[in-house]
Amino acid sequence: MDLHKIEQRVLSLSKYIQEIVIILYKEKPFAFIYPNFEALQKDRIINIRSEILWYGLELYNMEVSLEEGIRDFKVFSHPLPKKEDGSYDIEALGRALEEHEDIDFAKIQEPEDTLYQSLHNYIATLTSKEVLCSSHLELDLELDSLDYVALFTFIEESFGVKVDEGIFALNMRLIDLYHYVKKHHVRHYPSPRSWGEMIKESFDEKLISSPVVVSLFKIVLYPLFKLYFRFEVLGRENIPQSSCIIAPTHESMLDGFLIESSLSFKTLKNTFFLAYEGVFGNKYLRPVSTNGQLLLIDANNNLKRSMQRAALALEAKKNLVIFPEGARSRDGNLLEFRPFFAMLSREYNVPIVPAVIDGSFQALRAGQLFPRPAKIKVKYLEPIEPNGLSYAELTQKVLEAIEKEKGIEATTL
């Protein structure tokens, strides 16, 4: 396997990757990446790992066999380490991977003023990582979209500084964010807010119901799926009559349509689906999103509005379908579960119904244009009540239920 050739191909596919080194780790290609921050800032990208994965690594993976694809990667917030002769220090990268440690880059002197301490201390509540002023908020501290909204709100209410995604894209290191807030602040009164307060603020959008249209989708799709995929639905009785969150696994572009087809007409008419603006917001699929009870979100723009929009269904006592992985599986295995669905369950006190979709990866994996006639099954599991659980605990319970059903060893988030 020519690793250098793979590196050059990935670089040609993504303008957001500046440096890449690929090694064989456990006999699979593993990528170390240093992003092109200038290009990311120009395009206001704040979910860097996802952008690099789906518009770099996965574009390459779609060109090659499953065995040749890049199965995992690590993104650094600093240039990749090099030896004195200018070549990449593969041994240092390998040690960082084996020992689960970061490269020991030079540290910057921590500011000592109270504004920095307030910002630092709040960010420390959002992550289990060590918070340094040189830390990159996503790549080093592993903050996600949920954390970003909380951080933006904290900064606005504590310091009188409005931070949007465009500003944040330019200031994703703590030291840069601190300098921006310090320059523009008009007060200093730390004011953390709960998620319940943020998500339930007054909101000017309304829920658009299209029960006739979604019923027609089911009437057309279900017989096709039944014939072509030998489609089977189990556990539908586990979906409560009251408002709930349905949390399916995500293996292919078919999954949303499979869930839609699998629900009873009565449940479907009261069910809304979370979907990405980048996929369903284009001019070709906009009619589907407008009339298909889809709630569109954008991972890089108007995060707070996107999350409030997602909550509209629960506010109206309807059902909401959210894929906890947030993206399609690259290899049929589960991706990391994101806690947004658990937060909504807690704040609206609604149960979560885990759902396992089996076979859709074999039918339509990434890169295929037309689905194969594989057997597909959807199984709804017993609902899980929030019952005062933390977001992390609730997320873990849903993950464990799905892993148990899939017959795989339980993992810890």
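Below are the figures for this structure:
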| quantity | calculated |
| --- | --- |
| By average C-beta atoms within 10 angstrom, highest first, the peptides 2-13, 377-388 | 377-388, 2-13 |
| Long-range amide H partners of Asn36 with built H, under 5 Å | Ile17, Gln18 |
| Rounded Å value of the spacing that divides the Cα centres of segment 103-169 and segment 370-401 | 32 Å |
| For Leu143, residues with placed amide H under 5 Å, excluding near neighbours | Glu138 |
| The chain - percent relative contact order, Cα under 8 Å, separation 6 or more | 13 percent |
| In segment 133-206, lysine pairs with alpha-carbon atoms under 27 angstrom apart (chain gap of 8 or more, or interchain) | 4 |
| Amide H contacts of Ile297 (H built 1.01 Å from N, under 5 Å, at least 5 apart or other chain) | Ala275, Tyr276, Glu277 |
| Taking segment 114-193 and dividing mean pair separation by its residue count, relative contact order in percent (alpha carbons under 8 Å, at least six apart) | 35 percent |
| For segment 219-292 and segment 1-79, distance of Cα centres in Å | 32 Å |
| Cβ-defined net charge surrounding Lys82, 10 Å radius [Lys, Arg +1; Asp, Glu -1] | -3 |
| Within the chain, helix-based [θ] at 222 nm, where runs of 4 or more DSSP H residues each add -39,500 (n - 2.57), nearest 500 | -11000 deg cm²/dmol |
| Average silhouette area of the chain, convex hull of alpha-carbon atoms, in square nanometres | 21.2 nm² |
| Counting all C-alpha pairs of segment 261-413, share separated by more than 19 Å (%) | 59 percent |
| For Glu201, net neighbour charge (Lys/Arg +1, Asp/Glu -1) across residues whose Cβ lies under 11 Å away | +2 |
| Lys, Arg +1 and Asp, Glu -1 on Cβ, resulting dipole of the chain about Cα centre, debye, nearest 20 | 2000 debye |
| Rg over Rh [alpha-carbon atoms, Kirkwood Rh] for segment 104-243 | 1.21 |
| Under the Karplus curve 6.51 cos²θ - 1.76 cosθ + 1.60, θ = phi - 60°, whole-Hz ³J(HN,Hα) for segment 346-356, x wherever Gly or Pro sits | 5, 5, 9, 6, 10, x, 10, 9, x, 9, 10 |
| Value of Rg to Rh for segment 3-98 (Rh from inverse mean 1/r over Cα pairs, i.e. Kirkwood) | 0.95 |
| Burial order of peptide ranges 209-220, 355-366 (average beta-carbon count within 10 Å, highest first) | 355-366, 209-220 |
| Distance histogram for segment 114-193 (every C-alpha pair counted, 5 angstrom bins, percent rounded to whole numbers) | 3, 17, 31, 30, 16, 3 |
| Neighbourhood net charge (12 Å Cβ-Cβ; Lys/Arg +1, Asp/Glu -1) for Leu314 | +3 |
| Phi-based couplings in Hz for segment 132-146 (Karplus 6.51, -1.76, 1.60; Gly and Pro marked x) | 10, 5, 7, 5, 7, 5, 8, 6, 9, 9, 6, 6, 10, 4, 4 |
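Read the figures in this text as sums done on the coordinates, not as results from a lab. Worth saying up front: this structure is predicted, and the values here are computed from it rather than measured. Cβ coordinates were reconstructed from backbone atoms using ideal geometry, including for glycine residues, and neighbour counts include every protein chain displayed.
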